[in-house]
Amino acid sequence: MAHFAPRAFGRAGFSVSPLGLGTGRLGGQEVSEAEAERLLHGAVDAGVMLLDTAPSYGLAEERIGRYLGGRRQRVVLSTKGGYGVPGVQDWTGAVITAGIEAALRRMRTDHLDVFHFHSCPAETLWHSDVIEALEGAVKAGKVRVGAYSGEGEALRWAVGSGRFGAVQMSVNLCDQRVLDGVVPAAAAAGLGVIGKRALANAAWRFEGRPTGDYAEVYWERLRAMAPERRGLAWDALALRFAVFQPGVSACLVGTASLERLLHNVQIVEEGPLAQDHMEALRHRFREEDRDWAGQV
Ligand SMILES: NC(=O)c1ccc[n+]([C@@H]2O[C@H](COP(=O)([O-])OP(=O)(O)OC[C@H]3O[C@@H](n4cnc5c(N)ncnc54)[C@H](OP(=O)(O)O)[C@@H]3O)[C@@H](O)[C@H]2O)c1
């Protein structure tokens, strides 16, 4: 259990499990209510206390509220916004405020632990009203930590700005640039750091190029890197690489399968890869990196 012990979320004053559940799949219509309930309770029972969601993840926020309303104290709720409130213009202060209220209602809670701007460009962050709306919600106790989720210039700006308490970005075998810059800077500034797509979208599943699939970019990078596995299964290699990167508070894995989630917990309990294996994988990325930008 030592490797699965909760970790401080930057200077936020609360802890997160090293592995969090990404709820994109949980929100799908193809997942039944009974499956959703089982997944959410099973996650909490296994100590997966960080749940990452968004209004764009279908029924996910609603299901979290419906099934975990009674276990609110046991979970860290992380959601996002900036868009999608009927009658309110996207990426304005008003939509941030309205989006937070809507998330509170859907998740049947009086506060959100983390609220991210969901991948807006840097220019949006420079309009002070959006950040001020988020800071207002933090002041009012509706949000504990204001955060930015995204990549590239906007992410770097968010980390340097001093206006956010956490960031979320892709961290995996095929997306390592942040490990040399943004992640250590964020950690040094006391920010919580959530690594998304920690399994690199499990791109190894595809024998041939998954053209048009979400995983296509990572499939290409994995092929180019041909990472040394040293006898490990792909999922173990990917998770034990990402979850134990210095400065990363927690990593997310998306699945609607409780069995898969529990298997991923077991992998994390095995701890980090051997130090020289970590270094070899870091080196391999640098060798092959052809402007391999972070994947939103
Ligand atoms: N802020 C943002 O803009 C943003 C963008 C991307 C992701 N995210 C967050 O990060 C989370 C994770 O990202 P993701 O879902 O895109 O990618 P991911 O976790 O890297 O990959 C998810 C895929 O991996 C599969 N999987 C899970 N465990 C596995 C295992 N042990 N072996 C093989 N395959 C496995 C899942 O399949 P099954 O579903 O069939 O189990 C799913 O297809 C999201 O759910 C979301 O919360 C945020």
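Considering only residues that are open to solvent by less than 70 Å² (accessible area, probe 1.4 Å) and out of contact with any helix residue (DSSP H, G or I) (no Cβ under 9 Å at 6 or more places or on another chain), which ones fall in the stretch 9-19?
Residues satisfying the conditions are Phe9, Ala12, Phe14, Ser15, Val16.
What number of residues within the stretch 207-232 satisfy the criterion of being more than 8 Å from the ligand (Cβ to nearest atom), open to solvent by 60 Å² or more (accessible area, probe 1.4 Å) and closer than 23 Å to Gly22 by Cα?
Within the stretch 207-232, residues that are more than 8 Å from the ligand (Cβ to nearest atom), open to solvent by 60 Å² or more (accessible area, probe 1.4 Å) and closer than 23 Å to Gly22 by Cα number 2.
In the stretch 28-54, what residues are within 12 Å of the ligand (Cβ to nearest atom) and either in a strand (DSSP E or B) or over 14 Å from Leu258 (Cα atoms) (or both)?
Of everything in the stretch 28-54, those that are within 12 Å of the ligand (Cβ to nearest atom) and either in a strand (DSSP E or B) or over 14 Å from Leu258 (Cα atoms) (or both) turn out to be Gly28, Glu30, Leu50, Leu51, Asp52, Thr53, Ala54.
Test Phe164 against the criterion of being open to solvent by less than 10 Å² (accessible area, probe 1.4 Å), at pLDDT 95 or above, in contact with a Leu (Cβ under 8 Å, 6 or more places away or on another chain) and closer than 20 Å to Ala12 by Cβ, and give yes or no.
no
Could you say whether any residue in the stretch 98-111 is within 16 Å of the ligand (Cβ to nearest atom), surrounded by fewer than 24 Cβ atoms within 10 Å (Cβ to Cβ) and more than 27 Å from Leu125 (Cα to Cα)?
No; the residues of the stretch 98-111 include none that is within 16 Å of the ligand (Cβ to nearest atom), surrounded by fewer than 24 Cβ atoms within 10 Å (Cβ to Cβ) and more than 27 Å from Leu125 (Cα to Cα).
Looking only at the stretch 84-98, decide whether some residue is in a strand (DSSP E or B) and farther than 20 Å from Ala256 by Cα.
no
Of the residues that sit in the stretch 233-261 and are of a type in the set (Ser, Thr, Tyr) and closer than 17 Å to Pro18 by Cβ, which one is farthest from the ligand (Cβ to nearest atom)?
Among them, the one singled out is Ser249.
List pairs: first in the stretch 66-83 and touching a residue at least 12 places away in the same chain (Cβ under 8 Å) and farther than 11 Å from Leu51 by Cα, second open to solvent by 50 Å² or more (accessible area, probe 1.4 Å) and of a type outside the set (Val, Ile, Thr), Cβ under 6 Å, 6+ apart or cross-chain?
Pairs found: Tyr67/Glu37; Gly69/Arg108; Gly82/Trp91; Tyr83/Asp90.
The values are calculated or read from the model by the stated rules, or taken from the named source; none is laboratory data. Here the structure is a predicted model, which is why all the values come from computation and not from measurement. Every residue, glycine as well, gets a Cβ built from its backbone with ideal geometry; the counts of neighbours run over all protein chains shown. These accessible areas exclude ligands, DNA and RNA; they are computed on the full protein's heavy atoms, side chains included. Shrake-Rupley method; radii C 1.70, N 1.55, O 1.52, S 1.80 Å.
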